[in-house]
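**Student:** What follows is a structure written as structure tokens; I'll ask about it next.
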There are 2 protein chains.
Amino acid sequence: MNTNVSKNSSEGSVVIAPGRRRRMLHTDSLMMTVIDFEDGPALTPDPHHTHPHEQVTFVAAGEVLFFIDGKSRHLEPGDMVAVPSGRPHSIQLLTPRVRLVDTFTPLRQDFI
Amino acid sequence: MNTNVSKNSSEGSVVIAPGRRRRMLHTDSLMMTVIDFEDGPALTPDPHHTHPHEQVTFVAAGEVLFFIDGKSRHLEPGDMVAVPSGRPHSIQLLTPRVRLVDTFTPLRQDFI
């Protein structure tokens, strides 16, 4: 088994909320998570949240509104969004299924 | 203009080699790059390379062989691979088009 690799399957993923699964892989200081949402679309945004970890997100599938700095941006597959440390942010799902790739430094110990 | 966001277009991307373009977004310590390869498939791997930055890669489209630690893994869309600091690694494109999302900490100053 090669722990350097995480394959695209529900094996190794965890249910984080109804209709939402997360899979992850990390080095010492860099964490990548793949989140599959099957609970969209949503009429309202998720609650804003914040964390000291820096975050950059890639939209792999679906569409979302991404809220940061008092603005919302419509994000589609291939788009990226950056979240500096401590900046409140949120998403609203616009499509039935969404896949986001969230990356963080340092590690989200709350995910491990 | 919101510099927190990088949209999925060739605007803002740079040609890094014939048939290869890169787009990026970063916070203070976390960099995400989207690399579009249109020069596949390849008969042989790219040269191995190494860097002190930790790396985690997501395969957004296409298929590659990923070489690390003397092994190769066949990666498909949705797969992730982790590269610890200083570990030699390489890819071989298996499909005509490949999209990789490479993330790094600290920042790749050579990309800025």
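The values are calculated or read from the model by the stated rules, or taken from the named source; none is laboratory data. The model shown is predicted, which means the values in this text are computed figures rather than measured ones. A quick note on method: Cβ atoms are made from the backbone with ideal geometry, for glycine too, and the neighbour counts reach across all protein chains shown. Note: areas computed on protein heavy atoms with side chains; ligands, DNA, RNA excluded. Shrake-Rupley method; radii C 1.70, N 1.55, O 1.52, S 1.80 Å.
**Student:** Show me, for the range B:43-58, the HN-Hα J-couplings you get by feeding each phi into the Karplus relation (A = 6.51, B = -1.76, C = 1.60, θ = phi - 60°), rounded to Hz, glycine and proline as x.
**Tutor:** With the stated coefficients, the range B:43-58 comes to 7, 9, x, 4, x, 4, 9, 8, 7, x, 5, 6, 9, 10, 10, 10 Hz.
**Student:** Would you work out what percent of the accessible area of the range B:1-107, with all protein chains in place, is carbon or sulfur (probe 1.4 Å)?
**Tutor:** Ligands and nucleic acids excluded, carbon and sulfur give 55 percent.
**Student:** Please report the buried accessible area for the interface of B with A, total over both chains, probe 1.4 Å, in Å² to the nearest 100.
**Tutor:** On the way: alone 6980 and 6980 Å², together 10550 Å².
What B and A bury together is about 3400 Å².
**Student:** Let's see if you can work this out: charge +1 on each Lys and Arg Cβ, -1 on each Asp and Glu Cβ, no other charges. What is the dipole magnitude of the range A:16-82 about its Cα centre, in debye to the nearest 20?
**Tutor:** So the dipole magnitude of the range A:16-82 works out to roughly 120 debye.
**Student:** So what J values fall out for the range B:91-102 if you push phi through Karplus, 6.51 cos²θ - 1.76 cosθ + 1.60 with θ = phi - 60°, rounded to Hz, Gly and Pro as x?
**Tutor:** Those phi angles translate into 10, 10, 6, 9, 10, x, 10, 9, 10, 10, 10, 9 Hz.
**Student:** With springs connecting C-alpha atoms under 10 Å apart, model chain B as a Gaussian network and identify which of B:VAL59, B:VAL14, B:VAL34 has the largest mean-square fluctuation.
**Tutor:** B:VAL14
**Student:** Starting at the first residue of the range B:19-25, write each ³J(HN,Hα) from the Karplus equation 6.51 cos²θ - 1.76 cosθ + 1.60 with θ = phi - 60°, in whole Hz, x for Gly and Pro.
**Tutor:** Those phi angles translate into x, 10, 10, 10, 10, 8, 8 Hz.
**Student:** Counting Lys and Arg as +1 and Asp and Glu as -1, each charge on the Cβ, what is the dipole of chain A about the Cα centre in debye, to the nearest 20? Can you show the working numbers first?
**Tutor:** On the way: 11 positive and 13 negative charges, 18 e Å.
Dipole about the Cα centre, nearest 20: 80 debye.
**Student:** What residues in the range B:74-94 lose 30 Å² or more of accessible surface when the other protein chains are added to their chain alone (1.4 Å probe)?
**Tutor:** B:GLY78, B:ASP79, B:MET80, B:ALA82
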